[in-house]
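Note sheet for the following structure.
The values are calculated or read from the model by the stated rules, or taken from the named source; none is laboratory data. Since the structure is predicted, the reported quantities are computational estimates derived from the model, not experimental observations. Here Cβ is always computed from backbone atoms with ideal geometry, including for glycine, and neighbour counts include all displayed protein chains. These area figures cover heavy atoms from the full protein model, side chains too; ligands, DNA and RNA do not enter into them. Shrake-Rupley method; radii C 1.70, N 1.55, O 1.52, S 1.80 Å.
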Amino acid sequence: MVYDAVAGVQPQSETVWRQANKYKVPRLAFINKMDRQGAEFFKSYDHIKSRLKGNPVPIQIPIGAEEKFEGIVDLVRMKAIYWTTVRRAPSTRHAPFPLSSSKRQKSGARRWSKRRPRLTTT
């Protein structure tokens, strides 16, 4: 399911969510449009919890929002991925967890990193 970072959960999404509950369909959610005016990742995240009674577990959180949206923190690898443009070609840059992240991002990253599944090889 795709949710708008500006509008959050919309009525049609609630209907689809109820149908998925009824038929026991697992869900994967994406929050997009983080570069738009008024974008708030955690507002949409909170809507999924409060309005849909879901149990969202982010695997990525954004770095910045609106015109300051720069990339994401991968909570599985605890690395930052920044999007850049070099000679008009989009590219990515990987870096350690950003120290300049907001308090909410840091506390969320710490909380979810403790809950993340440990990958093992056999």
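Before moving on, here are some points about what is shown:
- Segment 72-99, residues that are within 16 Å of the chain's Cα centre (by Cα) and on the phi > 0 side of the Ramachandran plot: MET78
- Here PRO117 meets the list (1) outside any helix (DSSP H, G or I); (2) at pLDDT 85 or above almost entirely, failing just condition (2).
- Scan of segment 17-46 for residues that are assigned to a helix (DSSP H, G or I) and within 13 Å of the chain's Cα centre (by Cα), ordered by number: PHE41, PHE42, LYS43, SER44, TYR45, ASP46
- Pick from segment 55-68, criterion open to solvent by less than 60 Å² (accessible area, probe 1.4 Å) and within 16 Å of ALA39 (Cα to Cα), ranking: farthest from the chain's Cα centre (by Cα): GLU66
- Scope segment 33-78; condition closer than 27 Å to GLN19 by Cα and aromatic (Phe, Trp, Tyr); matching residues: PHE41, PHE42, TYR45
- Those strands (runs of 3 or more DSSP E) of segment 55-98 in which 1 or more residues are farther than 19 Å from PHE42 by Cβ and free of Cβ contacts under 8 Å to residues at least 24 places away in the same chain occupy 79-86, 89-96.
- Here PRO11 clears all of (1) within 21 Å of PHE69 (Cα to Cα); (2) open to solvent by 90 Å² or more (accessible area, probe 1.4 Å) except the condition numbered (1).
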